[in-house]
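I have placed the structure first, in the form of structure tokens, so that the comments after it can refer back to it.
The values are calculated or read from the model by the stated rules, or taken from the named source; none is laboratory data. Predicted model only: the values in this text are computed from it and were never measured. Please note: Cβ atoms are built from the backbone with ideal geometry, for glycine as well, and neighbour counts cover all protein chains shown. Ligands, DNA and RNA are excluded from the accessible area calculation, which covers all protein heavy atoms including side chains. Shrake-Rupley method; radii C 1.70, N 1.55, O 1.52, S 1.80 Å.
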Amino acid sequence: MPANLTPQYLEAEKKLKTAKTPQEKIEVLEEMLAVIPKHKGTEKLQAQIKTKISKARDEQQKKPSAKHGPSSIINKQGAGQVLIVGPPNSGKSMLIKSLTGAEPEVGDYPFTTRIPAPYMMKYENIQIQLVDLPPLTPDIMESWQLELIKVADAVLIVVDVSSPDSPSLLETLFAKLKEKRIEFVRDLDILPEESSFPVFRKKTLLVANKKDLDAGGENLEALKFFFENQLATIPISAAQGEGLEELKKQIFSLLHIIRAYSKAPGRKPDHDEPFVLKRGSRVIDIARAVHKDFAEKLAYARLWREGQFTGQMVNRDQPLEDEDIVELHI
Ligand SMILES: Nc1nc2c(ncn2[C@@H]2O[C@H](COP(=O)(O)OP(=O)(O)OP(=O)(O)O)[C@@H](O)[C@H]2O)c(=O)[nH]1
Ligand SMILES: [Mg+2]
């Protein structure tokens with residue numbers, strides 16, 4: 001089948017010849033992948049581009065040069081990777097401290113955090129990775145920061161709600177990021193606007209921190225007003241621990257994952273060992289996660305779900321929901 005490559009794609013491909021560093025290569029390859037026509041005739045080419053991206057990432061990880069800052073890869077751990085992004089001094093590190101109990105450096109001056117660092121947050125019976133980042137400003141946007149944003153599973157944007165300047169600061173930041181082809185959205189199900197150039201769309205929550213300093217709540221209202229079409233806003237105080245339980249729930253929901261439990265006949269499921277699956281997964285997906293033999297030989301399953309299923313037989317295509325218990329039969 002002919003690939004029918006567009007001029008836009010060929011233009012991007014040309015840039016590959018001049019890309020020198022792994023970082024530049026990754027950026028060009030990602031652009032090629034974004035603009036390549038998506039059909040059967042280009043499947044092989046798409047796979048080749050993906051392989052090249054992962055090779056360039058490996059190369060980059062081996063040689064983090066001073067010029068390009070820290071390695072742009074933080075190995076993912078746990079049920080999902082969430083980046084903590086925002087302007088200087090907004091309370092990103094304090095939020096990590098309050099959510100994880102770890103001790104990242106917190107300071108009452110901007111640019112306290114210098115390098116990205118991962119931390120684990122417990123949410124009920126799973127662990128979610130939070131990555132503390134140096135501040136992102138319209139003027140200081142290093143390519144490794146953008147690279148991290150592109151590969152993360154989700155993003156929290158933390159702003160200081162006590163500052164009346166936060167909405168305009170964010171607006172400038174978002175505009176600048178859009179030039180770099182990154183857009184923060186509340187949900188990927190909402191279709192993007194028609195655009196001549198493709199963008200990376202990231203599931204994002206807007207976290208209005210330091211609400212203890214916004215007594216009348218006027219700044220919060222202004223922030224919501226400006227961004228309500230684009231993002232959901234959650235008011236918190238990282239320092240005083242307010243709003244954090246709700247925030248954790250929203251982070252879990254943002255990741256679009258579910259927990260399901262496998263159990264043997266006559267036994268109880270182990271609630272400490274959930275299988276973490278993408279939202280929209282089916283019985284066959286948990287079977288695959290348990291063992292490939294189960295996936296290959298699955299005859300049927302029994303399903304338990306609060307208020308709906310009490311061990312009824314279901315087939316491999318049965319969609320799963322969070323907290324489902326499944327008994328696999330081969
Ligand atoms: N009143 C109040 N102060 C806070 C809150 N969260 C953080 N702070 C203070 O804000 C300042 C900045 O906090 P950090 O966590 O270091 O901010 P950051 O966003 O990580 O800053 P950079 O690493 O420089 O980007 C510190 O003095 C914190 O004590 C909050 O909820 N309320
Ligand atoms: Mg910090």
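Just to confirm my numbers, what's the Cα centroid distance between the range 315-330 and the range 159-186 in Å? About 41 Å separates the Cα centre of the range 315-330 from the one of the range 159-186.
Using only helices, what value at 222 nm comes out for the chain when you add -39,500 (n - 2.57) per DSSP H run of length 4 or more and divide by the total residues, to the nearest 500 deg cm²/dmol?
Counting only the DSSP helices, I get -10000 deg cm²/dmol.
Rounded to the nearest 5, the antiparallel percentage of DSSP beta bridges internal to the range 257-329 is 85%. Rounded, prolate or oblate: which fits the range 106-174 when a ≥ b ≥ c are the square roots of the eigenvalues of the alpha-carbon gyration tensor, with rounded for a/c under 1.5 and prolate only if a/b beats b/c? Note, shape of the range 106-174 comes out prolate. Protein heavy-atom surface of the range 81-254, 1.4 angstrom probe: 51% of the accessible area is carbon and sulfur, with nucleic acids and ligands not counted.
The spacing between the range 237-307 and the range 1-55, judged by their C-alpha centroids, is 35 Å.
Using a probe of 1.4 Å, the accessible surface attributed to residue 113 totals some 20 Å² when neighbouring protein chains are kept in position. Enumerate the residues in the range 162-176 having an amide nitrogen under 20 Å from the point lying 7 Å beyond the Cα of residue 111 toward its Cβ. Within reach of a label on residue 111, which here means backbone N under 20 Å from a point 7 Å along Cα→Cβ, the range 162-176 contributes 169-170, 173.
Computed over the range 146-192, the range of Cα coordinates on each principal axis works out to 30, 22, 20 Å, biggest value leading. Taking every alpha-carbon pair in the chain and binning the separations at 20 Å intervals from zero gives 27, 52, 21, 0 percent.
Computed with the Debye formula from one identical point scatterer per Cα of the range 185-330, without solvent, the log10 of I(q)/I(0) at q = 0.12, 0.20, 0.21 Å⁻¹ comes to -0.70, -1.09, -1.16. Relative contact order, whole percent, for the range 136-228 stands at 38, derived from Cα pairs under 8 Å and 6 or more residues apart.
Compute the Cα gyration tensor for the range 7-63, then decide on rounded, prolate or oblate, letting a ≥ b ≥ c be the square roots of its eigenvalues: rounded whenever a/c is under 1.5, prolate when a/b is larger than b/c in the other cases, and oblate in all that remain. Oblate.
Of the residues 9, 269, 128, the one whose Cα sits farthest towards the positive end of the charge dipole of the chain is 9 (charges of +1 on Lys and Arg Cβ, -1 on Asp and Glu Cβ, taken about the Cα centre). Over every Cα atom in the range 1-156, the radius of gyration and the widest Cα-Cα span, Dmax, amount to 18.2, 60 Å. Of the beta bridges in the chain, as assigned by DSSP with both residues counted there, near 50 percent are antiparallel.
Apply the a/c threshold of 1.5 to the C-alpha gyration tensor of the range 257-329 and tell me whether it is rounded, prolate or oblate. Here the range 257-329 falls in the rounded category. Each listed q (0.09, 0.13 Å⁻¹) maps to a log10 I(q)/I(0) for the range 81-254 from the Debye sum over equal C-alpha point scatterers, namely -0.27, -0.59.
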